[in-house]
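Shown next, in structure tokens, is the structure this report addresses.
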Amino acid sequence: MLVELPKELPHQQPINHRIELLPGTKPSTQAPYRMSPIKLLELRKQLKELLDASLIQPLKAPYGAPVLFKKKHDGSLCMCVDYKALNKVTIKNKYPIPLAVELFDRLSKASYFTKLELRLGYWQIRIATGDEGMTTWRTREPTRETIDATPWFDKALATQLTWTQDDYAWHKGAMSYAPRKHDHGRNAMAHCYGALI
């Protein structure tokens, strides 16, 4: 589980994570994977944390992806949802990853920078209204749906990149830069206060 989950669900934004399916696709569901007693305890703990943070909610839907755990380097367990079946029938978004050279060109005339971390990036992007049912998980516990985009979805990286490249994210304070200190201070304040509005 993440060190610190967001305390509330992010607001609907101009860019949300859409799950567009290939034409004629039928809902896919898989049975839950078998889990050891230790993993079941961890599942209950992590589900409670996600429910308490309102990042998931109970739901009955014709979709369902199984949950599994991957051991991290420190020995703790990382929960993953196996959206392989859903990802196979999702229309791909070929969003181009920005070239580092172009990013440096945009910043080349600036002397002052302020970078605000987009902490827990995927947890800041909502699943588009109407697509939530496709995110349903299957476990031995009651069925859940994800409300935020997670790295387990195809196109989640493309959605994250679109969001951070869009003017909306820049105005939400992802980065502020300017050639002069005076301008930078004004820009940084505008970006920070804009992020609070």
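The values are calculated or read from the model by the stated rules, or taken from the named source; none is laboratory data. What you see is a predicted model; the values in this text were computed from it and never measured. Neighbour counts are summed over all protein chains in view; Cβ atoms, including those assigned to glycine, are modelled from backbone coordinates with ideal geometry.
Would you mind stating whether D74 is among the acidic types (D, E), at negative phi, surrounded by fewer than 14 Cβ atoms within 10 Å (Cβ to Cβ) and in a loop (DSSP other than H, G, I, E, B)? For D74, the condition - among the acidic types (D, E), at negative phi, surrounded by fewer than 14 Cβ atoms within 10 Å (Cβ to Cβ) and in a loop (DSSP other than H, G, I, E, B) - is met. Would you be able to say whether some residue in the stretch 32-51 is among the polar types (S, T, N, Q), touching an Asp or Glu at 6+ places or on another chain (Cβ under 8 Å) and surrounded by fewer than 18 Cβ atoms within 10 Å (Cβ to Cβ)? Taking every residue of the stretch 32-51 in turn, none turns out to be among the polar types (S, T, N, Q), touching an Asp or Glu at 6+ places or on another chain (Cβ under 8 Å) and surrounded by fewer than 18 Cβ atoms within 10 Å (Cβ to Cβ).
Would you point out the residue of the stretch 100-134, among those that are within 30 Å of P27 (Cβ to Cβ) and assigned to a strand (DSSP E or B), that is modelled with the lowest pLDDT?
Just the residues of the stretch 100-134 that are within 30 Å of P27 (Cβ to Cβ), to begin with: 120-134.
When the remaining residues are screened for being assigned to a strand (DSSP E or B), the result is 126-127.
Values: R126: 76, I127: 79.
My answer is R126.
C78 satisfies every condition listed in (1) at pLDDT 85 or above; (2) hydrophobic (A, V, I, L, M, F, W, C); (3) over 23 Å from R140 (Cα atoms) except (3). Being under 29 Å from L40 (Cβ atoms), among the hydrophobic types (A, V, I, L, M, F, W, C), at pLDDT below 80 and surrounded by 11 or more Cβ atoms within 10 Å (Cβ to Cβ) is not true of L68.
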